[in-house]
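> Sharing a structure with you now.
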Amino acid sequence: MTRARQIAVVGKGEPDQALTPMAEEVGRRLAEANAVVVCGGRGGVMEAAARGAHGANGEVIGVLPGDDPGDANPHVTHVVATGIGHARNLAVVASADAVIAIGGEWGTLAEMAFARRLGRPVVALRSWRVSGEGAMEGGPGIEMAASPGEAVELALSLSGHSG
């Protein structure tokens, strides 16, 4: 049996009126494609993506920074309570075949960097644009998406997983 694709959805942890409907649609579309959503398990973009996936009968893995599984938002179907704080960002993206970043702040940027360091493709939807010198010019491995549908399509096609 082949395991399902796991796509991480990362982003701003606080509620955001502009990002919430996008994250919900991303979660729903991922569930409809039989992908498992991996997220930080708390609020904001994480909760919206979890709500979208759960509403479409999808699976959601929430990787929490604390040690209490009860801290997960109510849409998470599987909880991993790490007790390691911000270091859990690495566990979120390491558990994914691809990452979709929606909006975000410093933690999101760290997750994008961890994902790329691990060779995971990243799709940015109203999120960070990164670039560097030489081989890092243009932010290799980070694709920009204009809509939730495009973000999901890109993440699934780049995941390199035949599930």
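> Given the options ALA135, ALA18, ALA96, state which has the largest fluctuation in a GNM of the chain using a 10 Å cut-off (strictly under) for Cα springs.
ALA135
> I've got another one for you. How much length is gained if the chain between SER131 and ALA4 is pulled fully straight, taking 0.36 nm per residue apart and subtracting their Cα-Cα distance, in nm to one decimal?
Length gained, SER131 through ALA4: 42.5 nm.
> Per residue of the chain, what 222 nm ellipticity follows from adding -39500 (n - 2.57) for every DSSP H run with n ≥ 4, rounded to the nearest 500?
After summing the helix terms and dividing by the residues of the chain, the value is -10000 deg cm²/dmol.
> What is the set of long-range amide H partners of MET144 at a cut-off below 5 Å, with H atoms built 1.01 Å from backbone N?
Here ALA124 satisfy the definition.
> Quick check: residue separation of ILE84 and ALA56 times 0.36 nm, minus the Cα distance between them. What number comes out in nm?
Roughly 7.0 nm would be gained on extension.
> Work out the length of the dipole vector of the range 94-150 about its Cα centre, built from +1 on the beta-carbon of each Lys and Arg and -1 on the beta-carbon of each Asp and Glu, and round it to the nearest 20 debye.
Its charge dipole is roughly 60 debye.
> Between SER95 and ASP68, what is the label-point separation in nm under the 7 Å Cα-to-beta-carbon projection?
Output for this residue pair reads 1.9 nm.
> DSSP loop trypsin sites (Lys or Arg not before Pro) in the range 1-75 with at most 13 other Cβ atoms within 10 Å of their Cβ, which ones?
Answer in residue order: ARG3.
> Shape of the chain from its Cα gyration tensor (a ≥ b ≥ c, root eigenvalues): rounded if a/c is under 1.5, otherwise prolate when a/b > b/c, or oblate?
It is rounded, given that a/c, with a ≥ b ≥ c, falls under 1.5.
> Please give, to one decimal in nm, the separation of the simple spin-label points placed at ALA18 and ALA146, each 7 Å out from Cα toward the Cβ.
Computed distance between label sites ALA18 and ALA146 equals 1.7 nm.
No lab work stands behind these numbers, since they all come straight from the coordinates. These numbers were taken from a predicted model, which means no experiment stands behind them. Neighbour counts are summed over all protein chains in view; Cβ atoms, including those assigned to glycine, are modelled from backbone coordinates with ideal geometry.
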